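Heads up, the thing below is written out as structure tokens.
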Amino acid sequence: MTSLCLSETQSSTEAADANKGSVVLNVALYPYTPDNTRFEASIRAEWAKIHPEVELHFLPWDCYYEDVPEAMDVFAFDVQYLSYFAEKGFLMPIPQEALKDKADLLPFALDGCMVDGVLYAVPQMVCTSLLYTRKDDSSLSSVRDVISLHEVMGDRIKQSVVPEIGEGLLVDMSINIIMIFMYLEALCDITGVFIARDEVPDPNIVPSDQAIASVRMLRAMGGASQVEMFPGNDIYVRARWFSEGRGRAYIGFTEAMSAMSDKEYIFRPFSFAKNEGFPTLSVDGVGIHLNIDPKKKALALDLVNIMTGRTVMVKSISPDIDHPSPQYLMSARISVYDDLGVDFPQYVVLKDVVTNPNNRANRLGKNARKFIEDMQKIVDMICS
């Protein structure tokens, strides 16, 4: 959902061994949020109301780089990998009748968590890149596609990593997987056809020159040195630069708004083609390990409902005593936008984004890891 990096982790097996003698659920949160401590605190508080006798052990885990550890019980992950994880035997089917407030879940997100009608995860969050421009920049106020943006901004002339005031496009293209997802989005926008489920294109057949050209435009508007800058632990550094007046436009996820001190911006979805595009969004879901101890299955289902529920999502996203800003994450529950929109008008706009009836959930297919390796060919073309 954001720029990706590995972290040092304690193995799930070690964590389980450390808690012998008590009932423990090993849990992983989606790692790329502005502040996961709010998620953990909210989940613990709600869990204690129904199962105070069961300990939750939160473990670091990253779906982008590692398959699901055997000792992991409940885990949040990017649904891009759902078909792959289901094929590998990591996901327990979840009975839909066990879902609480199912009608409150975004239909496209719920659909994206299924394989052949079987539910393998419950959607928790959705994610998409937005185009941010400043309210006083009238030349960009109506721009909603990459081609039109390039027509106004042109290629960036300066090549410093940190752009000057009002100069260039701020966008993170520092790792391959970001460009791969951009290419797939461009392909959908250009063709107007959703790449369904396990039908991701074979990069060894015929790449789309149009899709490659559209992604290249972002690179040209940002300048190679800036777009290639790996943000490390400061994954919202470009959002902060934009809030300081640097860059003329910014492309990033909604949660980047948590790092923007200047609210004098407007944001909207954008297309990689000069048409309305085909809105594809990433979904983060919560799943249960297929090999979970049978005695823990009912507990795990309770935890999935808590982790994806309205109460936890509102509390986790909202400001707290240590954080004056919301996390600006997008929930997979419609009611959360109504709750947060009372105090934060951005959520009124975001509700329109997530309830677009044309929305579809991204998926990479049963051979996701191999597909990403093979897509190096496309990345090389974009960077050439």
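Close contacts from the range 308-320, counting a first residue that is in contact (Cβ under 8 Å) with a residue 24 or more places away in the chain and under 13 Å from residue 29 (Cα atoms) and a second that is part of a strand (DSSP E or B) and of a type outside the set (Asp, Glu), with Cβ to Cβ under 7 Å and a gap of 6+ residues or different chains, come to 308/122; 308/123; 308/124; 308/286; 313/331; 313/333. Residue check: residue 283 meets all listed conditions (1) touching a residue at least 40 places away in the same chain (Cβ under 8 Å); (2) of a type outside the set (Ser, Thr, Tyr); (3) more than 29 Å from residue 47 (Cβ to Cβ) but one, namely (3).
Taking the criterion of being buried (at least 23 other Cβ atoms within 10 Å of the Cβ) and either of a type in the set (D, E, K, R) or within 23 Å of residue 140 (Cα to Cα) (or both), the residues of the range 272-296 that qualify are 272, 284. On the basis of being assigned to a loop (DSSP other than H, G, I, E, B) and either in the same structural domain as residue 115 (by TED's automatic domain parsing) or in contact with a Cys (Cβ under 9 Å, 6 or more places away or on another chain) (or both), does residue 70 make the cut? Taking the combined requirement at face value, the residue satisfies it.
Yes/no matrix, rows are residues, columns are (1) farther than 19 Å from residue 356 by Cα; (2) not in a strand (DSSP E or B):
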{"site": "126", "(1), (2)": "no, no"}
{"site": "137", "(1), (2)": "yes, yes"}
{"site": "150", "(1), (2)": "yes, yes"}
{"site": "155", "(1), (2)": "yes, yes"}
{"site": "168", "(1), (2)": "yes, no"}
{"site": "184", "(1), (2)": "yes, yes"}
{"site": "187", "(1), (2)": "yes, yes"}
{"site": "193", "(1), (2)": "no, yes"}
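Restricted to the range 297-313, and to residues there that are assigned to a helix (DSSP H, G or I) and not aliphatic (A, V, I, L, M), the residue that is surrounded by the fewest Cβ atoms within 10 Å (Cβ to Cβ) is 297. Only one of the listed residues (93, 52) is under 19 Å from residue 284 (Cα atoms) and part of a loop (DSSP other than H, G, I, E, B). That residue is 93. Do the conditions hold for residue 238, that is, is it surrounded by 23 or more Cβ atoms within 10 Å (Cβ to Cβ) and either assigned to a strand (DSSP E or B) or without any contact (Cβ under 8 Å) to a residue 12 or more places away in the chain (or both)? So residue 238 does not fit the description; no. For the range 200-225, the candidate set comprises residues that are in a loop (DSSP other than H, G, I, E, B) and over 24 Å from the mean Cα position of the chain (by Cα); within that set, the residue that is modelled with the highest pLDDT is 223. When you check residue 199 against the structure, is it crowded, with 23+ Cβ neighbours inside 10 Å, touching a residue at least 60 places away in the same chain (Cβ under 8 Å) and not assigned by TED's automatic domain parsing to the domain that holds residue 78, yes or no? Judged against the criteria, residue 199 is not a match. Applying the criterion of being part of a helix (DSSP H, G or I) and touching a residue at least 60 places away in the same chain (Cβ under 8 Å) to the residues of the range 96-109, the residue that is farthest from the chain's Cα centre (by Cα) is 98.
Among the candidates 76, 71, the residue that is surrounded by fewer than 22 Cβ atoms within 10 Å (Cβ to Cβ) and of a type outside the set (S, T, N, Q) is uniquely 71. In the range 357-384, the residue that is farthest from residue 305 (Cα to Cα) out of those that are exposed (fewer than 14 other Cβ atoms within 10 Å of the Cβ) and polar (S, T, N, Q) is 384. For the range 65-79, taking the residues that are in contact (Cβ under 8 Å) with a residue 24 or more places away in the chain and in contact with a Phe, Trp or Tyr (Cβ under 8 Å, 6 or more places away or on another chain), the one that is farthest from residue 308 (Cα to Cα) is identified as 69. When the range 134-185 is examined, which residues are found to be of a type in the set (Ser, Thr, Tyr) and out of contact with any helix residue (DSSP H, G or I) (no Cβ under 9 Å at 6 or more places or on another chain)? Residues satisfying the conditions are 138, 141, 148. The residues of the range 23-58 that are buried (at least 21 other Cβ atoms within 10 Å of the Cβ) and over 22 Å from residue 317 (Cβ atoms), listed by number, are 25, 26. Restricted to the range 314-384, the set of helices (runs of 4 or more DSSP H) holding at least 3 residues that are over 19 Å from residue 105 (Cα atoms) comprises 368-374, 376-383. Restricting attention to the range 217-235, the residues that are touching a residue at least 24 places away in the same chain (Cβ under 8 Å), surrounded by fewer than 21 Cβ atoms within 10 Å (Cβ to Cβ) and not aliphatic (A, V, I, L, M) add up to 6.
The values are calculated or read from the model by the stated rules, or taken from the named source; none is laboratory data. In this text, all values refer to a predicted model and were calculated from it rather than measured experimentally. Every residue, glycine as well, gets a Cβ built from its backbone with ideal geometry; the counts of neighbours run over all protein chains shown.
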